[in-house]
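Read the structure below first, then the notes.
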Amino acid sequence: MDDRCRHRSASLSCGWAEQNGVRCAYHGWLYDKNGRCVEVPSMPDTAIPKRAKLYSYDVAVRYDLIWVRLDSSLDTKIPTLRSWGNLSRRCVQGRPYEWATSGHRRLENFFDLAHFAFVHDGSLGTRDDPSVPIPIIEQSNSELRWQYFPEKRRQN
Ligand code: FES
């Protein structure tokens, strides 16, 4: 749900989780899992206004990640990770890092393979061969996957 209390806009992430929801740290309003305010401690006998409701998001936990659908009007699906649970594979989780850029710029970077030779010289590419690598692309249902094997590239 939104990280802004409907009362005085305090950051709900400064509050805490309780069995019945999330409690704001500022005046103690309690919101249930649907974002509806269900308790105002300073006015326990007063009806809670309907507008005291936060926008809540669809959330699922899959592949050890938390997935959030920011727009519930879209029929988005969590991609299928076919190799998940395959004991011959290993999941390696990278450490979080901050990258001061926009989401669009970041996605563009992921699809731009021409930078490998210069930015990732010695790992994903090499300056000795700055030609754009050609990945193996597979499409099935709504899934588009690509694989790139830099070690094979160096052998060619
Ligand atoms: S700002 Fe959250 S209860 Fe007042």
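Please list 3J(HN,Hα) in residue order for the range 126-134, calculated via the Karplus relation 6.51 cos²θ - 1.76 cosθ + 1.60 where θ = phi - 60°; whole Hz, with x for glycine and proline.
After applying 6.51 cos²θ - 1.76 cosθ + 1.60, I find 8, 5, 5, 9, x, 5, 6, x, 10 Hz.
Write out the cysteines belonging to the chain for which the nearest other cysteine Cβ is not under 4.7 Å, or none if no such cysteine exists.
CYS14, CYS37, CYS91
Would you calculate, for the chain, the mean residue ellipticity at 222 nm contributed by helices, counting each DSSP H stretch of 4 or more residues as -39,500 (n - 2.57) and dividing by all residues, to the nearest 500? Please list the in-between numbers first.
Numbers: 3 runs with 19 residues, N = 156.
Only helices count here, giving -3000 deg cm²/dmol.
Using per-residue counts of other Cβ atoms within 10 Å, averaged over each peptide, order 1-11, 131-141, 49-59, 22-32 from highest down.
Numbers: 1-11: 15.5, 131-141: 10.5, 49-59: 12.8, 22-32: 18.8.
Those peptides, ordered most packed to least, come out 22-32, 1-11, 49-59, 131-141.
Could you give the accessible area per residue of the chain, probe 1.4 Å, as a whole number in Å²?
Numbers: 12810 Å² over 156 residues.
Each residue of the chain exposes 82 Å² on average to a 1.4 Å probe.
Applying the Karplus parametrisation 6.51 cos²θ - 1.76 cosθ + 1.60 with θ = phi - 60° to the phi angles of the range 47-55, what ³J(HN,Hα) value in whole Hz is obtained for each residue in order, glycine and proline being reported as x?
Whole-Hz 3J(HN,Hα) from phi for the range 47-55: 5, 8, x, 4, 6, 7, 9, 8, 6.
Near LYS33, which aspartates and glutamates are there with a Cα under 16 Å away, not counting those fewer than 8 places off in the same chain?
Output for LYS33: ASP2, ASP3, GLU18, ASP58.
Tell me whether the range 1-80 comes out rounded, prolate or oblate; compute the Cα gyration tensor, take square roots of the eigenvalues as a ≥ b ≥ c, and use a/c under 1.5 as the rounded threshold.
Values: a/c = 2.66, a/b = 2.05, b/c = 1.30.
It is prolate, given that a/c is not under 1.5 and a/b is the larger ratio.
Subtract the Cα-Cα distance of ASP3 and TRP99 from 0.36 nm times their separation in residues, and report this length gain in nm to one decimal. Please report the intermediate quantities before stating the final value.
Details: separation 96, 0.36 × 96 = 34.56 nm, distance 2.19 nm.
That works out to 32.4 nm of additional length.
Any idea what % of Cα-Cα pairs in the chain are farther than 24 Å? Numbers along the way, then the final one.
Values: 7104 of 12090 pairs.
That fraction is 59 percent.
Net charge around ALA117, counting only other residues with Cβ within less than 10 Å of its Cβ (Lys, Arg = +1; Asp, Glu = -1)? The partial results should precede the final answer.
Working: positive: ARG127; negative: ASP121, ASP128, ASP129.
Neighbour charge sum, excluding ALA117 itself: -2.
Read phi for every residue in the range 98-111 and hand back ³J(HN,Hα) as whole Hz from Karplus 6.51 cos²θ - 1.76 cosθ + 1.60, θ = phi - 60°, with x for Gly and Pro.
Residue by residue, the range 98-111 yields 9, 9, 6, 8, 8, x, 5, 5, 5, 4, 4, 5, 5, 8 Hz.
Tell me which of THR126, LEU87, GLY28 sits at the most positive position along the dipole axis of the chain, charges placed on C-beta atoms (Lys, Arg +1; Asp, Glu -1).
My answer, from the dipole projection, is GLY28.
Could you give the distance between the Cα centres of the range 68-94 and the range 21-41, to the whole Å?
31
The values are calculated or read from the model by the stated rules, or taken from the named source; none is laboratory data. All values derive from a computational prediction rather than experimental measurement. So basically every Cβ, Gly included, is an ideal-geometry build from the backbone, and we count neighbours across all protein chains shown. When the accessible area is computed, the model is the full protein with side chains, heavy atoms only, and any ligands, DNA or RNA have been set aside. Shrake-Rupley method; radii C 1.70, N 1.55, O 1.52, S 1.80 Å.
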